[in-house]
Amino acid sequence: GIKKPFTEVIKANIGDAHAMGQRPITFLRQVVALCTYPNLLDSPSFPEDAKKRARRILQGCGGNSLGSYTASQGINCIREDVASYIERRDGGVPADPDNIYLTTGASDGISAILKILISGGGKSRTGVMIPIPQYPLYSAAISELDAIQVNYYLDEENCWALNVNELRRALNEAKAYCNPKVLCIINPGNPTGQVQSRKCIEDVIHFAWEEKLFLLADEVYQDNVYSEGCQFHSFKKILYEMGPEYYNNVELASFHSTSKGYMGECGYRGGYMEVINLHPEIKGQLVKLLSVRLCPPVSGQAAMDIVVNPPVPGEESYAQFIKEKESVLNNLAKKAKLTEDMFNKIPGVHCNPLQGAMYAFPRIFIPSKAIEEAKAHKMAPDMFYCMKLLEETGICVVPGSGFGQREGTYHFRITILPPVEKLKILLEKVKDFHIKFLEKYA
């Protein structure tokens with residue numbers, strides 16, 4: 001009942017596109033609606049290409065119903081569509097549906113692979129190398145599975161680039177207390193928004209090959225690339241192009257999801273992973289592990305199918321689909337630039353270019369007086385800053401300490417998903433707050 005100096009809480013803390021007002025992609029929703037209620041297949045309100053896809057998905061379901069369990073790896077025809085999508089995306093690099101596992105969002109796949117890879121006790125406990133800043137799913141899963149988190153730092157001064165020398169430092173130091181076996185990469189980056197260059201990916205693959213590390217490539221933002229001169233390269237494609245010595249030996253799991261991209265369908269919990277070069281016996285264990293949860297949500301599998309099998313030129317839904325897809329992505333590119341520019345106008349704030357994904361991770365200057373007060377409240381300084389921001393403006397963001405950051409630096413993560421006009425107001429409020437904060441504590 002206490003009066004606050006704002007009228008609403010703006011949740012800029014999570015990449016939840018539809019909650020922020022993004023419109024669903026019509027074709028995706030049409031197909032899922034037809035699959036959910038097949039009586040609509042007789043309705044003239046739905047286009048034929050949507051009906052065709054819905055019939056194909058339903059034929060893959062027991063009793064032609066989304067209400068049936070599916071195979072643990074997911075519906076066969078959807079896995080075939082995922083394999084075709086990967087081949088198209090990667091310019092003809094072969095993909096085998098048998099290496100595709102449909103998952104409950106990307107998170108489920110990442111957790112499952114980590115479960116399979118983690119073992120040992122004492123100095124032989126599995127070490128998992130993760131980028132700092134990272135997406136907290138990784139630290140949480142590593143902690144839950146009782147593995148060892150091995151931090152490698154992204155280079156903030158160089159637009160959050162990944163440096164192989166830093167990977168080597170982290171690996172060599174970790175060998176003293178654990179057995180580093182897994183290397184996680186997030187590209188495009190979350191929370192940092194960088195897009196890795198081809199050269200960087202080649203270096204990482206060479207490093208993984210040299211050190212016999214299992215590579216996890218979190219590529220859920222592969223459609224979200226905005227900066228000119230930046231391009232998404234999949235780890236699978238680069239691995240293939242580096243030649244058979246690499247392609248036949250480096251173990252790689254890569255992940256994609258319905259939740260991000262231009263779809264933003266977080267609630268369906270659709271995703272897939274492709275796992276290559278897994279030993280046949282281990283593959284058997286992975287399928288067994290996935291069988292425990294029976295199958296991923298079937299409506300999420302249907303949604304994933306539309307992501308990998310969208311309308312093509314010549315189909316009646318193509319024009320509308322492309323218009324909607326490009327509108328979302330162009331909007332995000334505009335908001336990425338706007339956010340970067342506005343943050344860099346605020347004294348004591350620095351924001352690297354938002355090359356991809358859907359967040360900014362600006363570095364903020366926090367005066368020593370504020371740091372002292374934060375300590376008195378038993379709070380991390382950036383948590384103190386974010387709580388003040390919430391109390392005074394109603395804007396909810398995540399402190400950088402939630403993702404990890406270099407000692408003595410402070411950040412927060414904010415999503416760029418709100419509509420342009422709302423985002424402008426939000427950024428102006430952050431600017432006014434930050435200036436007042438500096439005045440108060442400087």
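The values are calculated or read from the model by the stated rules, or taken from the named source; none is laboratory data. Note that the coordinates shown come from a computational prediction; the quantities given were computed from them, not determined experimentally. Here the Cβ positions follow ideal geometry from the backbone for every residue, glycine too, while neighbour counts run over all protein chains shown. These area figures cover heavy atoms from the full protein model, side chains too; ligands, DNA and RNA do not enter into them. Shrake-Rupley method; radii C 1.70, N 1.55, O 1.52, S 1.80 Å.
Enumerate the pairs (first residue in region 172-183 and under 11 Å from Ile130 (Cβ atoms); second residue anywhere and surrounded by 19 or more Cβ atoms within 10 Å (Cβ to Cβ) and aromatic (Phe, Trp, Tyr)) with beta-carbon separation below 7 Å, excluding pairs fewer than 6 apart on the same chain, so at least 6 apart or on different chains.
Val182/Phe214
Checking the conditions here, which among Phe255, Phe235, Phe207, Phe214 is modelled with pLDDT of 95 or more and surrounded by fewer than 22 Cβ atoms within 10 Å (Cβ to Cβ)?
The unique qualifying residue is Phe207.
Have a look at Lys4, Lys51 and point out the one that is more than 27 Å from Ser234 (Cβ to Cβ), of a type in the set (D, E, K, R), open to solvent by less than 50 Å² (accessible area, probe 1.4 Å) and not assigned by the TED database to the domain that holds Thr192.
Lys51
Listed here are the residues, each with its yes/no results for (1) surrounded by fewer than 18 Cβ atoms within 10 Å (Cβ to Cβ); (2) in contact (Cβ under 8 Å) with a residue 12 or more places away in the chain.
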site	(1), (2)
Ile78	no, yes
Tyr85	no, yes
Arg88	yes, no
Asp96	yes, yes
Gly105	no, yes
Ala112	no, yes
Gly122	yes, no
Ile130	no, yes
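Hey, any hits in region 250-270 for a residue that's over 30 Å from Lys325 (Cα atoms) and not assigned by the TED database to the domain that holds Asn330?
Looking for residues that are over 30 Å from Lys325 (Cα atoms) and not assigned by the TED database to the domain that holds Asn330, one finds at least one in region 250-270, hence yes.
Mind checking which residues of region 299-342 are of a type in the set (Ser, Thr, Tyr) and in a helix (DSSP H, G or I)?
Selection gives Ser299, Tyr318, Ser327, Thr339.
Which residues, taken from region 54-67, are exposed (fewer than 14 other Cβ atoms within 10 Å of the Cβ) and under 18 Å from Leu290 (Cβ atoms)?
Within region 54-67, just Gly62 meets the criteria.
From the list Tyr268, Tyr246, pick out the single residue that is touching a helix residue (DSSP H, G or I) at 6+ places or on another chain (Cβ under 7 Å), free of Cβ contacts under 8 Å to residues at least 60 places away in the same chain and open to solvent by less than 70 Å² (accessible area, probe 1.4 Å).
None of the other options fit; the residue is Tyr246.
Please count how many residues of region 294-346 are closer than 15 Å to Glu48 by Cβ and among the acidic types (Asp, Glu).
Residues in region 294-346 being closer than 15 Å to Glu48 by Cβ and among the acidic types (Asp, Glu): 2 in total.
Hey, any hits in region 153-167 for a residue that's aromatic (Phe, Trp, Tyr), on the phi < 0 side of the Ramachandran plot and open to solvent by 50 Å² or more (accessible area, probe 1.4 Å)?
yes
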